[in-house]
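Before anything else, here's the structure in question.
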Amino acid sequence: MTKQILNTMTKDGIKSIVLKIIAEIAPDEDLSNITPEVRLRDQLELDSMDFLDIVMELRKQYGIEVPEADYQELASLESCANYLEPKFAALQGS
Amino acid sequence: MSGMAAAIRLAHFGKDVCLLERHNVIGGLNSFYSIAGRKYDVGLHALTNFVSPGVKGTPLGKILRQLRISRDELDLNPQKFSRIAFPGINLKFGNEFALLEDEIAREFPDQMDGFRLLLKKISEWNDNELDYPDISARRVVSDCLTNPILIDMLFCPLMFYGNAREHDMEFGQYVILFKSLFYEGFARPFEGIRLMLRVVREKMKDAGVERCMKLGVKSIQSEGKRISGLELDNGRTITADKVISCAGWPETLRLCQDEPEDSNLGQLSFVETINILNRQPKELGIEDTIIFFNNSQIFEFCRPKELVDVRSGVICIPNNYDYSDNRQLDEGVVRFTAQAHFDAWRSLDENAYLKEKSYWFDALGKVGCKFLPTGSFDSIKEASIATDMFTPTTVKKFTGRFGGAVYGSPLKNKSGRTHLDNLFLCGTDQGFLGIVGAMLSGITIANLYGLRDD
């Protein structure tokens, strides 16, 4: 991820980052028709191991930390974007 | 397999991982060897837990996702059908559960209500809990089914494919095995275990695992409740923040200079004979993929009184998978497996060992062939172009498991924790079974203790 892309990170950009990570973790899932407001769990076959992997890939690929108490913030694409937006913004400042 | 799966997970997420392997080939029990240019698989009769693409939420799907392996890489080809064969009764089963249900309905019509009750108990069992209670499977099954032959016929494959305990097993293990064999099913890569090992080796390389072959751990040194160092076979001592051992529970305790309790040493080992044929087994009328046979009135699963217990066993025909693109193994292969007595084999001198191997090779083949269309062992021997056989002492030599215990200790350590705070266990002694189970064990332990608590 280049600095420039991070600088222009919008909520949509964050959603596509999360989708890209899900595609890496679960290549067998169809991600073409995800409704952002609906819980990912209700649209995809993702278990707790998969959610843990989303968290860890965020850390590995972008240096974003999600504490265990906040895991429920990643329930839907929309909530992911809301929760992660300030975290991506904070990265630019650093 | 469990240790490699753990290594991939940890290294993928940035941990410095060193994998120590005493043998010159990876894979532990699931490995291969060569004689006269011909490669023989050990361990892998079948990859259990096979489900078709699109079936989610099962162990196979979990390991593929967690290790970032795509299904296509494993080239999994489903079994044709398998069979539980007892005197006068056969139950066929395949990768569709309905076949087994139909077979039981035909042979044991008065047991169907009980069988449905058993299925209900299996589905109600929470197998996501690591720490399930130790309940006797014999007791639960006997509460549902009343026909002792059907009870034993269902136990037979489950015991041969993963039970470390004599006579009985934990119901939790029964559930895991029942699902992996009957609800899910069997498959095999065309290249057998070598393909699986290659895929895993590549994943380790991509993730950045440092692999040290022919370098075992001689002892685990500790200070207080923590590991202070690992003394290696080459005399060096290395240190690590955390150590995950897939050497087995009693074997790991022994490395820590703690003597394992006798009750936790596995008593169950096997011999396996391998017959390489100059034609496809189906040309001899053999169509089954795996046959679990029992040739006596009762089925006994325990350390035999003699070197080998030929009353029951497993026959595996790797040719009889439904290989895609009409592929066919070049040579026919028929493998016979039976329970064997480690100490009895170990006490033999070289000459006696060879003599007994040759005797039991024939004895096992003769009984096994009663359950094959060939009827006699002669037609297999006539078609044979090479043979080999391994015994409990071979298993001990290459896996390091005490007593050549193929499925490890009768008591499982489900938490994976030990008396040392930074030493963890994965593999068969942690309670998951089969190749997929072994990998799931490594993943689970790596996630819990290597990644979660950062």
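Scanning for something surrounded by fewer than 19 Cβ atoms within 10 Å (Cβ to Cβ), of a type in the set (Val, Ile, Thr) and under 24 Å from the mean Cα position of the chain (by Cα), does the range B:184-205 turn up at least one residue?
yes
Residues being surrounded by fewer than 20 Cβ atoms within 10 Å (Cβ to Cβ) and over 17 Å from residue B:271 (Cβ atoms): count how many of those fall in the range B:351-373.
3
What are the residues in the range B:321-366 that are in a helix (DSSP H, G or I), aliphatic (A, V, I, L, M) and under 26 Å from residue B:188 (Cα atoms), if any?
Result: B:364, single match.
Spot the failing condition for residue B:341; the list is (1) buried (at least 23 other Cβ atoms within 10 Å of the Cβ); (2) within 18 Å of residue B:40 (Cβ to Cβ); (3) not polar (S, T, N, Q), and only one is missed.
Going through the list (1) buried (at least 23 other Cβ atoms within 10 Å of the Cβ); (2) within 18 Å of residue B:40 (Cβ to Cβ); (3) not polar (S, T, N, Q), residue B:341 breaks only (2).
Now a separate question. Inside the range B:1-118, counting only helices (runs of 4 or more DSSP H) that do not spill past its ends, which hold 2 or more residues that are without any contact (Cβ under 8 Å) to a residue 40 or more places away in the chain and within 14 Å of chain A (Cβ to nearest Cβ)?
Hits in the range B:1-118: B:59-66, B:71-74.
Just checking, how many residues over the range B:375-399 are among the acidic types (Asp, Glu) and farther than 19 Å from residue B:355 by Cα?
Total meeting the criteria: 2.
Answer yes or no: is there a residue in the range A:27-41 that is in a helix (DSSP H, G or I), within 27 Å of residue B:448 (Cβ to Cβ) and at pLDDT 95 or above.
yes
Cβ contacts < 6 Å: first residue within 11 Å of chain A (Cβ to nearest Cβ), restricted to the range B:437-448; second residue outside any helix (DSSP H, G or I), any location; separation 6+ or different chain. Result?
From residues that are within 11 Å of chain A (Cβ to nearest Cβ), the pairs are B:440/B:432.
Considering the range B:320-330 alone, what residues qualify as being surrounded by fewer than 21 Cβ atoms within 10 Å (Cβ to Cβ) and not hydrophobic (A, V, I, L, M, F, W, C)?
Of everything in the range B:320-330, those that are surrounded by fewer than 21 Cβ atoms within 10 Å (Cβ to Cβ) and not hydrophobic (A, V, I, L, M, F, W, C) turn out to be B:322, B:323, B:324, B:325, B:326, B:327, B:328, B:330.
Here is a check on your reading of the model: is residue B:371 modelled with pLDDT under 95 and not in a strand (DSSP E or B)?
No, not satisfied.
Going by the conditions given, is residue A:85 over 28 Å from residue B:444 (Cα atoms) and at pLDDT 90 or above?
yes
Moving to a separate point now. Give the residue, chosen from B:267, B:297, that is surrounded by fewer than 24 Cβ atoms within 10 Å (Cβ to Cβ) and more than 23 Å from the chain's Cα centre (by Cα).
Just a single option satisfies the conditions, and that option is B:297.
Quick test for you: out of B:237, B:252, pick the one residue that is in contact with a Leu (Cβ under 7 Å, 6 or more places away or on another chain) and open to solvent by 20 Å² or more (accessible area, probe 1.4 Å).
Of B:237, B:252, the one residue that is in contact with a Leu (Cβ under 7 Å, 6 or more places away or on another chain) and open to solvent by 20 Å² or more (accessible area, probe 1.4 Å) is B:237.
Using the structure shown, decide if residue B:244 is without any contact (Cβ under 8 Å) to a residue 60 or more places away in the chain, hydrophobic (A, V, I, L, M, F, W, C) and farther than 30 Å from residue B:80 by Cα.
Considered against the rule, which asks whether it is without any contact (Cβ under 8 Å) to a residue 60 or more places away in the chain, hydrophobic (A, V, I, L, M, F, W, C) and farther than 30 Å from residue B:80 by Cα, residue B:244 comes out as no.
While we're looking at this one, here's another question. Quick check: anything in the range B:93-112 buried (at least 16 other Cβ atoms within 10 Å of the Cβ) and touching a Ser or Thr at 6+ places or on another chain (Cβ under 6 Å)?
Yes.
With respect to residue A:11, is the statement that it is open to solvent by 30 Å² or more (accessible area, probe 1.4 Å), of a type in the set (D, E, K, R) and at pLDDT 95 or above true?
No: the conditions fail for residue A:11.
Here is a yes/no grid of residues against (1) open to solvent by 10 Å² or more (accessible area, probe 1.4 Å); (2) closer than 23 Å to residue B:450 by Cβ; (3) touching an Asp or Glu at 6+ places or on another chain (Cβ under 7 Å):
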{"residue": "A:23", "(1), (2), (3)": "yes, no, no"}
{"residue": "A:35", "(1), (2), (3)": "yes, no, no"}
{"residue": "A:39", "(1), (2), (3)": "yes, no, no"}
{"residue": "A:53", "(1), (2), (3)": "no, yes, no"}
{"residue": "A:71", "(1), (2), (3)": "yes, yes, no"}
{"residue": "A:92", "(1), (2), (3)": "yes, no, no"}
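Please determine, by comparing only the residues of the range B:403-432 that are open to solvent by less than 10 Å² (accessible area, probe 1.4 Å), part of a loop (DSSP other than H, G, I, E, B) and among the aliphatic types (A, V, I, L, M), which one is nearest to residue B:255 (Cα to Cα).
By that ranking, first place goes to B:420.
Also: Can you confirm whether the range B:157-165 contains a residue that is crowded, with 21+ Cβ neighbours inside 10 Å, out of contact with any Asp or Glu (no Cβ under 6 Å at 6 or more places or on another chain) and free of Cβ contacts under 8 Å to residues at least 24 places away in the same chain?
yes
Additional query: Tell me whether the range B:124-142 contains one or more residues that are open to solvent by less than 10 Å² (accessible area, probe 1.4 Å) and touching a residue at least 40 places away in the same chain (Cβ under 8 Å).
No, the range B:124-142 contains no residue that is open to solvent by less than 10 Å² (accessible area, probe 1.4 Å) and touching a residue at least 40 places away in the same chain (Cβ under 8 Å).
Got a number for residues in the range A:73-90 being open to solvent by 70 Å² or more (accessible area, probe 1.4 Å) and closer than 24 Å to residue B:67 by Cβ?
Going through the range A:73-90 one residue at a time, the tally reaches 0.
To continue, here is another question. If residue A:4 satisfies all but one of (1) surrounded by fewer than 15 Cβ atoms within 10 Å (Cβ to Cβ); (2) within 11 Å of chain B (Cβ to nearest Cβ); (3) modelled with pLDDT under 95, what's the number of the condition it fails?
Checking residue A:4 against (1) surrounded by fewer than 15 Cβ atoms within 10 Å (Cβ to Cβ); (2) within 11 Å of chain B (Cβ to nearest Cβ); (3) modelled with pLDDT under 95, the one that fails is (2).
Here is a further query. Quick check on this structure: which one of B:176, B:149 is in contact with a strand residue (DSSP E or B) (Cβ under 7 Å, 6 or more places away or on another chain) and either open to solvent by 10 Å² or more (accessible area, probe 1.4 Å) or β-branched (Val, Ile, Thr) (or both)?
Going through B:176, B:149 in turn, the sole match is B:149.
Restricting attention to the range A:55-69, report how many residues are away from chain B (no Cβ under 12 Å) and loosely packed, with under 15 Cβ neighbours inside 10 Å.
Qualifying residue count, the range A:55-69: 1.
The values are calculated or read from the model by the stated rules, or taken from the named source; none is laboratory data. All values derive from a computational prediction rather than experimental measurement. Positions of Cβ are generated from backbone atoms using ideal geometry, with glycine treated the same way; all protein chains shown enter the neighbour counts. To get the accessible areas, we keep the full protein, side chains included, count just its heavy atoms, and leave off ligands, DNA and RNA. Shrake-Rupley method; radii C 1.70, N 1.55, O 1.52, S 1.80 Å.
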